[in-house]
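The values are calculated or read from the model by the stated rules, or taken from the named source; none is laboratory data. Since the structure is predicted, the reported quantities are computational estimates derived from the model, not experimental observations. When we count neighbours, we look across all protein chains shown, and the Cβ atoms used for this are built from the backbone with ideal geometry, even at glycine. Just the protein is used for accessible areas: all its heavy atoms, side chains included, with ligands, DNA and RNA removed. Shrake-Rupley method; radii C 1.70, N 1.55, O 1.52, S 1.80 Å.
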Amino acid sequence: MRYRALGRTGIEVSTHCLGTMMFGAAGNPDHEDGARVIHAALDAGINFVDTADMYSKGESEEIVGKALKGRRDDVVLATKVHFPMGEGRNRSGNSRRWIVRAVEDSLRRLDTDWIDLYQVHRPDHTTDIEETLSVLTDLVRAGKIRTFGCSTFPAEDLVEAHHVAERRGLMRMRTEQPPYSLLARGIERAVLPTAERLGMGVLTWSPLASGFLSGAYREGRPVDLTTGRAKLTPHRFDPEAPGNPAKYAAVEQLIALADDLGCTLPELAVAFPLVHPAVTSVIIGPRTMDQLTSLLAGADLVLDDAALDRIDEIVPPGTDLYRADGVWQPRPLTEPALRRRPAGERAAADA
């Protein structure tokens, strides 16, 4: 396993990061089995583990905490805050009020005295970024977290956070965690170049495009929309849904490329994000030991320029054939009133 500097934090992390979203009720509820997967990943050289408070409502953090007993000092541990963690108001978001409470809850579930990387899971347009940076800076100074970053922030928010920190004498966002895969290359346009210019570490998620790049979904073959990932998000996998035929066609070409390279499609998919110079680590999220083994099998895969040129032909740089659900969208895209003038002001001349 290779290691890279996590931005300019001085922390070195493995190029594979173990994601634990599938540990707990939402995936594998067996705590002992989850611990075995974590131990196997550590034994393979992975020293970077990523979780979040909202994964199975905190259960993932509990599994990680148990598994790291006796090995905590050797692991760079990352978790996140933002999504609701209970009924009622003010139990989510990026406010000082919530983050102060949420970090204590995460420390308790993880059974640790500190968090190496604390990430804001999504932007929050109701909270000034200065408010968020201020509380995160205080948590670093209090020794509860070592550094902090964000996840799925657009490039303009990364720049704003950087300049606000500079103006107010606050600590900066040191990392960004965006979705990135063979089918979702949109972040190559602005997010990755911006993160690189700002000296941020980048850990990417969903290299298998939520299973679309697992090799199980093929063009011209029946798709069971009643089980697994397809049941949860049928619009992603339905061959008749708008946009999906192009994804299925691209997958067939990528499988042909993987065959030529002597690897599997998942191995190709996991190797691809690490080629970009801005990417520090790619998050792999196995649910079982077999899945971990298969994902690690291609760790030494080298993609030469000829292979990358073929990928560019199949899915051009900066193109999104697939967009992960749950990715934050700017309010003008989700609220029509923010992109529409009042009816009486829309024409170029008075009626």
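Of note:
- Subset of the range 285-296 that is assigned to a loop (DSSP other than H, G, I, E, B) and open to solvent by 20 Å² or more (accessible area, probe 1.4 Å) - its residue that is farthest from P179 (Cα to Cα): T288
- Qualifying residue in the range 211-233 (condition: more than 21 Å from D320 (Cβ to Cβ), surrounded by fewer than 21 Cβ atoms within 10 Å (Cβ to Cβ) and hydroxyl-bearing (S, T, Y)): yes
- V282 assigned to a strand (DSSP E or B), surrounded by 13 or more Cβ atoms within 10 Å (Cβ to Cβ) and in contact with a strand residue (DSSP E or B) (Cβ under 9 Å, 6 or more places away or on another chain): yes
- The residue pairs whose first member lies in the range 15-30 and is of a type in the set (G, A, S), whose second member is buried (at least 21 other Cβ atoms within 10 Å of the Cβ) and assigned to a loop (DSSP other than H, G, I, E, B), and whose beta carbons are closer than 7 Å, counting only pairs six or more residues apart or on different chains, are G19/G285.
- A count restricted to the range 127-179 and to residues that are surrounded by fewer than 21 Cβ atoms within 10 Å (Cβ to Cβ) and of a type in the set (S, T, N, Q) stands at 3.
- The range 241-256 residues that are under 17 Å from I311 (Cβ atoms), paired with ones that are in a helix (DSSP H, G or I) (beta carbon under 7 Å, 6 or more apart): A250/I314; Q253/I314; L254/L265; L254/L268; L254/I314; I255/L265
- Of the criteria (1) at negative phi; (2) under 22 Å from the mean Cα position of the chain (by Cα), which one G318 fails: (1)
- When the helices (runs of 4 or more DSSP H) confined to the range 174-262 are screened for residues that are within 14 Å of the chain's Cα centre (by Cα), those reaching at least 1 such residues are found at 191-197.
- Matching residues in the range 252-270 - criterion: being among the aliphatic types (A, V, I, L, M) and open to solvent by less than 40 Å² (accessible area, probe 1.4 Å): L254, I255, L257, A258, L265, L268, A269, V270
- Every residue from the range 321-345 that is more than 23 Å from the chain's Cα centre (by Cα), part of a loop (DSSP other than H, G, I, E, B) and of a type in the set (D, E): E335
- Among the candidates E188, E196, E252, residue that is of a type in the set (D, E, K, R) and under 26 Å from M21 (Cα atoms): E188
- The set of residues in the range 161-193 that are closer than 17 Å to Q119 by Cβ and not hydrophobic (A, V, I, L, M, F, W, C) comprises H162, R172, R174, T175, E176, Q177, P178, P179, Y180.
- Counted residues, the range 158-173 - those being free of Cβ contacts under 8 Å to residues at least 24 places away in the same chain and not in a loop (DSSP other than H, G, I, E, B): 3
- Residue count, the range 183-195 (criterion: more than 16 Å from V282 (Cα to Cα) and open to solvent by 30 Å² or more (accessible area, probe 1.4 Å)): 3
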